[in-house]
Amino acid sequence: MKKPKVSKEVLRLRRSKAYRKAYLDPEFLSSDEMRPVRLQLELQKPEMTLAEYGVKSTVVVFGSARIWDAAQSEERVRQVKALLKKDPKNPVLRNKLASVVRLKNSTKYYDVARDFGRLVSQSEVLPGRKLVVVTGGGPGIMEAANRGAHEAGAHSIGLNITLEMEQGPNPYVSPEFCFRFHYFAVRKMHFVMRARALVVCPGGFGTMDELFEVLTLVQTGKKSRLPIVLVGKKYWTDVMNFPNMAKWGYISKEDLKLFRYAETGEEILGHIEDFYRKYPLANGK
C-alpha cells in the first residue's frame, strides 16, 4: 500500500523550528531560559557515567597548564625564539620568551605530578579501593598526573572545560572518563563530590580558585576533612602568606593545619596515607 502523498504545506510545517522535538532543538536548548536544564545535564552525565563504572573515591590534582615536561619546555622556548627572530621588536613576544624561559624551572613539578599519578594509581589508600586520579583534563600538570596513571595501567578522569582559547583534552585521560563542561561551577562540583584527597601544584588564578574553593568547603564543614597537599613549599610560601592571614585574624591558626607541603610524589602519597591512618573513617565510607 502506497503511503499517502504529503502536501507541500505539511512538509513546510514539519521543517519549521516549532515542530522540532524539544530535546532535538539546539537553539531551544541553548536559550537563556533553558540554562537550568543545561546545568542539570552537565551534573548528571558525568555522575551517571562514574556511578556506572563504580568510581566512588578520587584524588584531585590541580596545577598550571603552563608547566610542561623538559622536552616540551625546550620546544616552547625554541618556537618563541624563532618567532621573535622574525619580529625582534615585538614586546608581546619578548614577554612571552621571558615567561617560557622562567617556566623551564618548573618542569620538576611536571615530573612530580607524573610520578604521583603513577604511585597513587598503584596504591590502595582506602580499604578495598584505590583512588582514581582526576584532573582538569588539559595540558601541563593535568597531563602529567593523567600520564602517570596511564603508565600505571590505571583509568583516570579528565574534566575538560570549554574556553575561548580552545583547550582540548590531553591524550592520557581514559576515553570513557573524558568529560567536557561549559560551566565552571558544575565542573568544580564534580572535582569535589568524590574527592578523598587534593594535591595542588604551582599555578595561577585557576589553580588558586580551585584550591580556595576546597579550603572554604572544608573550613565551613560543607566538605568532610580530607588531606590537602601543596606541592613546592618555596612557591606557596612565596606567593601566599597563610600565617599572616591568621595573624590578621581572617583565618584561625587551626586552619593552617588543613594542608601540608610536599616536594616529591612519594612524600605526597605519604601525607595522604598518614591522614587515613590517623582518620581511618574520614571520607572512607
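A Förster distance of 51 Å, applied to the separation of the beta-carbon atoms of E164 and K2, puts the FRET efficiency at 0.40.
Say the cut-off is 26 Å between C-alpha atoms; which of K56/K234; K234/K257; K56/K223; K56/K253; K222/K278 go over it?
Table pairs above 26 Å Cα-Cα are K56/K234; K56/K253.
Segment D238..R38, full-extension length gain: 68.0 nm, with 0.36 nm per residue of separation and the alpha-carbon distance subtracted.
Scaling the Cα radius of gyration of region 143-268 by the globular reference 2.2 N^0.38 Å produces a ratio of 1.14. Pairwise Cα distances in region 94-171 exceed 15 Å for 60 percent of all pairs.
Going from the fewest other Cβ atoms within 10 Å to the most, the residues K253, K81 appear in the order K253, K81.
Taking amide H positions as modeled 1.01 Å from N, with prolines and chain starts lacking one, no residue 5 or more places away or on another chain lies under 5 Å from R194. At a Förster distance of 41 Å, what's the computed FRET efficiency of E75 paired with E124, Cβ-Cβ distance as r, to 0.05? In this case the efficiency is close to 0.65.
Quick check: from the Cα gyration tensor, does region 197-285 come out rounded (a/c under 1.5), prolate or oblate? In terms of gyration-tensor shape, oblate. Applying both filters, DSSP loop and at most 16 other Cβ atoms within 10 Å, to the GluC sites (Glu not before Pro) of region 176-285 gives E263. For the chain, the 222 nm mean residue ellipticity estimated from helices alone, with every DSSP H stretch of n ≥ 4 adding -39500 (n - 2.57) and the total spread over all residues, rounds to -14500 deg cm²/dmol.
When every Cα-Cα distance of the chain is counted in 10 angstrom steps from zero, the calculated P(r) takes the values 6, 24, 29, 19, 11, 5, 3, 1, 0 percent.
Values quoted throughout were computed directly from the atomic coordinates according to the rules given, and no laboratory measurement underlies them. It should be emphasised that the depicted structure is a prediction, and the values quoted were computed from it without experimental measurement. Quick reminder, even Gly has a Cβ in these numbers, built from the backbone with ideal geometry, and neighbours come from all protein chains shown.
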